[in-house]
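A quick write-up on the structure given underneath.
The values are calculated or read from the model by the stated rules, or taken from the named source; none is laboratory data. This one's a predicted model, so the numbers in the text were calculated from it and none came from an experiment. For neighbour counting, all protein chains shown are included, and Cβ atoms are generated from backbone atoms with ideal geometry for every residue, glycine included. Accessible surface areas use protein heavy atoms only, side chains included; no ligands, DNA or RNA. Shrake-Rupley method; radii C 1.70, N 1.55, O 1.52, S 1.80 Å.
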Amino acid sequence: MRPTLYISCLLPNPVMAIARERFHLVQEPLNTLPCPAALREGLCQADAAIVTLGDRIDTETIHAATRLKILANYAVGYNNIDLAAAQQRGLIVTNTPDVLTDTTADLTWALLLATARRIVEGDTLVRSGTWTGWSPTQLLGADVSGKVLGIIGMGRIGQAVAQRSMGFRMTVLYHQRQPLAAATCSQTWQYRSLHALLEESDIVTIHVPLTPDTRHLLGARELGLMKPTAFLINTARGPIVDEGAMVEALTHDMIAGAGLDVYEEEPAPHPLLTRLQQVVLLPHIGSATLQARINMGRICLDNIQAVLGGRPAPNQIHEYGGCGT
Ligand code: DGY
């Protein structure tokens, strides 16, 4: 008898093929997230589950799913899961670190450059058919090369973003709870308090996990410390920034622009954000390459096989924020 697996949302074909071969699926997943009742029903029937960051796994759901032994989160972030409740009930929770580090760092840079150099506005102009030709004052953006890059959260993704800045000859400042150990820190990365990083950086990019401590880490006061010429980039989690305060800061030219892949309430960004030209908005695609998504699925399945086979899960999460992003 194959163990029963619940998958909340359709995964890339190669992952689904392995899942169908090794497990009995509670049901064939759809390409949309299940409603909370359907999610709970699916989890209650399964020995193991793969859920996504849009599935809210609360205390009640965890306690209702008595048969479930492992919840494999198809993401590196796991703020969607009540970890304390899972631990209390002995439910193993895993995530998908490493395989999306480069992918997310690449996307961060795409967003950073698109925001500073007004790529989306340029594309819109050409497509509109109203472009009248080259002009010395058209779509003037900001230089990135040689500027100061402030990285909040120097975990795997933060470091990968920092490494990519070398080609742009940037000064890298970073902030997190503790400075990096000398062995893992490039000699050119400089530790700063959050306050100093915000004051000194030309581009601030966020790479901390969402935890109770990092919720609204950047609010009105912090955004007010940034240079009026600075850009804010967020490919981590929306609620790390107070979205209302960010809209105020953008509207009053307290910062120059923002590149966002994540929002406080997905999939509904603050309504004013969509009206601001100095903002580039992406639909949470940080890890969205076929290879990364296949690898994320493989990690989920490996963790599930380990746990159901009585072995430790390679990517078990033990505490909030322990692994960074
Ligand atoms: C993650 O893995 O946490 C990402 O946000 C998914 O794209």
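Pick from Asp123, Asp143: which is outside any loop (DSSP other than H, G, I, E, B), over 21 Å from the mean Cα position of the chain (by Cα) and within 22 Å of Phe231 (Cα to Cα)?
Numbers: Asp143 fails: outside any loop (DSSP other than H, G, I, E, B).
The conditions single out Asp123.
State whether the residues of region 70-80 include one that is open to solvent by less than 70 Å² (accessible area, probe 1.4 Å), more than 15 Å from Asn315 (Cα to Cα) and over 23 Å from the mean Cα position of the chain (by Cα).
No, region 70-80 has no match at all.
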Worksheet item: Just for region 221-247: of the residues that are of a type in the set (D, E, K, R) and more than 13 Å from Val279 (Cα to Cα), which one is surrounded by the most Cβ atoms within 10 Å (Cβ to Cβ)?
Response: Arg237
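Looking at this structure, is Asp98 open to solvent by less than 40 Å² (accessible area, probe 1.4 Å) and charged (D, E, K, R)?
On the way: open to solvent by less than 40 Å² (accessible area, probe 1.4 Å): no; charged (D, E, K, R): yes.
So Asp98 fails the test.
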Practice prompt. Go through region 276-299 and give me each residue that's closer than 28 Å to Asp253 by Cβ, out of contact with any Gly (no Cβ under 7 Å at 6 or more places or on another chain) and open to solvent by less than 50 Å² (accessible area, probe 1.4 Å).
Written response: Leu276, Leu282, His284, Gly286
Item to complete: Filter region 1-36 down to residues that are surrounded by fewer than 17 Cβ atoms within 10 Å (Cβ to Cβ), assigned to a loop (DSSP other than H, G, I, E, B) and aliphatic (A, V, I, L, M), then give me how many there are.
Response: 3
Practice prompt. Could you run through region 150-164 and say how many residues are surrounded by fewer than 24 Cβ atoms within 10 Å (Cβ to Cβ) and either part of a helix (DSSP H, G or I) or over 16 Å from the mean Cα position of the chain (by Cα) (or both)?
Written response: 6
